[in-house]
Amino acid sequence: MIAELETGTFRCTAASDLLATIPNQRNAPSIAGVYFSADDRYLAVATRGSGQSYRPSHLFAVEALELAHRSVMVHRSEDTIGRPFATGVQLAGSSMITRHNAAFLADCISMHETPPRLECRGDDSRQHLTHSRMIVRCGRVLTGGGGSPALVEWRADLGRRESGKVAVGLVSAPFVGGGAVEVVPVRACAPGDGDRGAARAGRIS
């Protein structure tokens, strides 16, 4: 749904209609995240398929209450067992950043340059208006670790033991300059009585 706040008018568009012009789009996806460009001329949309399967992210032009498809961003997964699925999207600078739920750390965050001819740019100061679940600060993209411990065990049974996305902490990816995706450990409260007491007193940060 897209709405004009000044007039209260709005328009609802089914995902199947929204993406009908995109090649090889078999089934209507779910919308996993949206993010407006700084000038409101573009809307970044992350999608995922049924059963939490992978679908690409898209960029739409916004004209009044109408959306027109302009670009598709396909993530090339490094995982040979399962495909990551989108859980959020953000525009930062001229890049579209998609957050994925994935077992491979390298698949957690993907970044693509938007077409230069569109002059599409994001404004991170509007972070509170979205549910991208990411933030860009000091040249890094930060998001929560998350993941499924059960998925890790299943993958271990297949002879694959990877650490990364499911680690407790923040996932940190370079926004500029290249480099590896990292996990920033976050100190967690232990289940001891002392820690619980300290937490109640507000002494644990």
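Show Ser16, Ser95 ordered by accessible area, largest first, where the area counts protein heavy atoms only and the probe is 1.4 Å.
Numbers: Ser16 60, Ser95 10 Å².
Greatest to least solvent exposure: Ser16, Ser95.
Mind listing P(r) for the range 49-104? All alpha-carbon pairs, 10 Å bins, whole percents.
So the P(r) values, bin by bin, are 21, 47, 26, 6, 0.
Round to a whole number: what % of the accessible area of the range 1-78 belongs to carbon and sulfur, probe 1.4 Å?
Details: 2200 of 4630 Å².
Carbon plus sulfur share of accessible area: 48 percent.
Taking 0.36 nm per residue of sequence separation and subtracting the Cα-Cα distance, how much length would be gained by fully extending the chain between Arg70 and Ser16, in nm to one decimal?
Net length gain for the segment: 17.8 nm.
Sorted by accessible area (1.4 Å probe), largest first, how do Ser110, Ser77 line up?
So, going from the largest accessible area down, we get Ser77, Ser110.
Can you put Ile2, Ile135 in order of accessible area, largest first, using a 1.4 Å probe?
Heavy-atom accessible area, descending, gives Ile135, Ile2.
Can you give the accessible area per residue of the range 1-102, in Å², using a 1.4 Å probe?
On the way: 5170 Å² over 102 residues.
On a per-residue basis, the range 1-102 sits at 51 Å².
Under 17 Å from a point placed 7 Å out from the Cα of Ala38 along the Cα-to-Cβ direction: which residues of the range 82-99 have their backbone N that close?
From the range 82-99, the list is 90-97.
The values are calculated or read from the model by the stated rules, or taken from the named source; none is laboratory data. Bear in mind that the values here come from a model prediction, so they are computed numbers and not experimental data. Neighbour counts are summed over all protein chains in view; Cβ atoms, including those assigned to glycine, are modelled from backbone coordinates with ideal geometry. For accessibility, only protein heavy atoms count, side chains too; no ligands or nucleic acids. Shrake-Rupley method; radii C 1.70, N 1.55, O 1.52, S 1.80 Å.
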